[in-house]
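Quick notes on the structure that follows.
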Amino acid sequence: MVAKLLDLAGIERERVQLRRVSAAEGALFSEYVTEVSQKTLEMGPFDPTQYMLELGAVQRALGTRRLRWLSGMEHQLDKAENVYREKTDPDLMEEVLSEAIRSEYHKALILEMLGEGPLSVREMAERSGMPVYTVSTRLNELERDGLAEFNCHEGSTAKFASLAA
Amino acid sequence: MAENYEPKILAFLCNWCAYAGADLAGVSRFQYPPTLRVIRTMCSGRVDPLYIAEGLVNGYDGVFVSG
């Protein structure tokens, strides 16, 4: 889930690595550390100030109820079956999960931007690099959930504000 | 990039697995790069995705979770 969010944020997913090492595997541990260090060295230093907006959105998205609920569930969802003895289709599950992550990330990005004051859809699209249509759709979802609202008109342009904490 | 750049990696190690593995690596004198800043957790399952994001926000070049 973190890897997918980093992809969306435009940060190299290789910066986060997960490895299984048992207490008896000292050699394996040093091997992994060497490998991970080498990979990070090749990617170069990470400058968080260039990704403040994106990282804020990643954190906000990870804190949402939907993603908290879904994180770490992949394993159970893969294996489990429903009361009709139907197994989940892994590809479909993957798709549903990806869509949930994408949607929460987009919404979090919008709320991060609105945290600094009211903005129009076009301004948000320019700042975030999201297409205008995506911003508009996600903003609609936020309005429906009571997290954003129409704020004022600037000329003929509508500006929106965040209602989220 | 600086000539002698050395990555700073935040490591979450499980007390019972990777932390002991790291200890063993030390005792056995296996060489590995001094790039990790270790946080010992009671289980790698204890590591919240938010901790990983927090690490990046605070300027670590990478995050390594092992258990």
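Worth a mention:
- With neighbours defined as other Cβ atoms within 10 Å of a residue's Cβ, the residues A:F150, B:F64, A:F160 order from fewest to most as A:F150, A:F160, B:F64.
- Shape call, chain A: gyration tensor on alpha carbons, a/c limit 1.5: oblate
- Per-residue shielding of A:39-50, expressed as the average number of other chain Cβ atoms within 10 Å of the residue Cβ, stands at 5.
- Prolate/oblate/rounded call for the stretch B:8-67, Cα gyration tensor, a/c under 1.5 rounded: oblate
- Among B:Y60, A:Y105, a tally of other beta-carbon atoms within 10 Å of each Cβ gives an order, fewest to most, of B:Y60, A:Y105.
- Antiparallel bridges, percent of DSSP beta bridges restricted to the protein assembly as shown (to nearest 5): 35 percent
- Per-residue 3J(HN,Hα) values for the stretch A:75-85, derived from phi via the Karplus relation 6.51 cos²θ - 1.76 cosθ + 1.60 with θ = phi - 60°, read 4, 4, 5, 5, 7, 6, 10, 7, 5, 8, 6 Hz in sequence order (x marks Gly and Pro).
- Gyration tensor verdict on the stretch A:104-165 (Cα atoms; rounded if a/c is under 1.5, prolate if a/b is larger than b/c, oblate otherwise): rounded
- Here A:K4 is the anchor, and the aspartates and glutamates within straight C-alpha reach of less than 15 Å, apart from those fewer than 8 places off in the same chain, are A:E12, A:E14, A:E54, A:E74, A:E94, A:E95, A:E99, A:E104.
- Summary of packing: across the peptides A:27-34, A:96-103, the per-residue average of other C-beta atoms within 10 Å ranks them, highest first, as A:27-34, A:96-103.
- Taking every residue in B:24-33 and counting other chain Cβ atoms within 10 Å of its Cβ, the average works out to 6.
- Furthest towards positive pole of dipole, A:M130, A:A161, A:Q17, structure part chain A, Cβ charges: A:A161
- Built amide H within the under 5 Å cut-off of A:R19, gap 5+: B:V65, B:S66, B:G67
- When each of A:K107/A:K159; A:K87/A:K107; A:K79/A:K107; A:K39/B:K8 is checked by Cα-Cα distance, pairs over 21 Å: A:K87/A:K107; A:K79/A:K107
- Legend: mean number of C-beta atoms from other chains within 10 angstrom of residue C-beta atoms, peptide A:56-63, equals 4.
None of the figures in this text is laboratory data; all of them are computed from the coordinates on show. Worth saying up front: this structure is predicted, and the values here are computed from it rather than measured. All Cβ positions, glycine included, derive from the backbone under ideal geometry; neighbour counts span all protein chains shown.
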